[in-house]
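The values are calculated or read from the model by the stated rules, or taken from the named source; none is laboratory data. Given the structure is predicted, the values throughout are model-derived calculations rather than measurements. Neighbour counts run over all protein chains shown; Cβ positions are idealised from the backbone, glycine included.
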Amino acid sequence: MAESWLVNGKLRIMSSPIGPTDLTRRPPRSMRLAKKNGEYNYNSPTDQHLVRFLGFDPEALLQELAAGKGDGEILQWVLTNAKTPRTPWEIQTWSAYFDNRGPDSDAETLTGFAEYVGQYSKTREDIKTWFDALDLDDFASFGGKA
């Protein structure tokens with residue numbers, strides 16, 4: 001089955017599907033794979049930001065994932081079931097914000113972020129965002145030297 005994704009608010013289809021990921025060597029590329037083959041905290045605080053932004057039922061999404069649907073089918077389900085349909089510029093702005101979102105400035109959150117990063121590296125000063133921290137976690141969890 002061909003893979004699909006949103007680019008600037010338009011659904012794009014890849015003509016040749018991506019082969020299966022060897023989960024013993026690298027992290028999964030989607031929540032669907034992670035739920036089946038590794039540790040994934042479904043409906044995590046990060047997930048909940050997306051749920052609030054689009055307004056869909058995370059338990060209903062979990063049923064779709066459990067049915068083994070592909071990424072394109074899941075994307076279509078999310079777009080169809082979003083109670084708050086978003087324009088391409090809203091999606092792009094929201095995505096850019098989350099790509100660059102760091103920990104909130106309260107002491108508890110900053111300490112938690114530092115402790116999380118510290119599990120993998122005590123010297124990395126380039127880890128500033130939550131996605132940086134998640135990438136570091138994935139890299140170190142699959143054998144990379146952090």
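A few notes on this one:
- Pairs with Cβ under 7 Å, 6+ apart, first in segment 49-60 and closer than 11 Å to LYS83 by Cβ, second assigned to a helix (DSSP H, G or I): VAL51/PRO58; PHE53/TRP94; LEU54/VAL78; PHE56/VAL78; PHE56/ASN81
- Checked against (1) assigned by TED's automatic domain parsing to the domain that holds ASP138; (2) at pLDDT below 90, GLU115 passes all but condition (2).
- Among the residues of segment 90-120, those that are assigned to a loop (DSSP other than H, G, I, E, B) and either within 22 Å of PHE139 (Cα to Cα) or of a type in the set (Phe, Trp, Tyr) (or both) comprise ASN100, ARG101, GLY102, PRO103, GLN119, TYR120.
- Pair list, Cβ < 6 Å and 6+ apart or interchain, from segment 86-106 residues that are in the same structural domain as ASP132 (by TED's automatic domain parsing) to residues that are surrounded by fewer than 11 Cβ atoms within 10 Å (Cβ to Cβ) and of a type outside the set (Phe, Trp, Tyr): none
- Residue selected from segment 121-136 under the condition in a helix (DSSP H, G or I) and charged (D, E, K, R), by the criterion surrounded by the most Cβ atoms within 10 Å (Cβ to Cβ): ASP132
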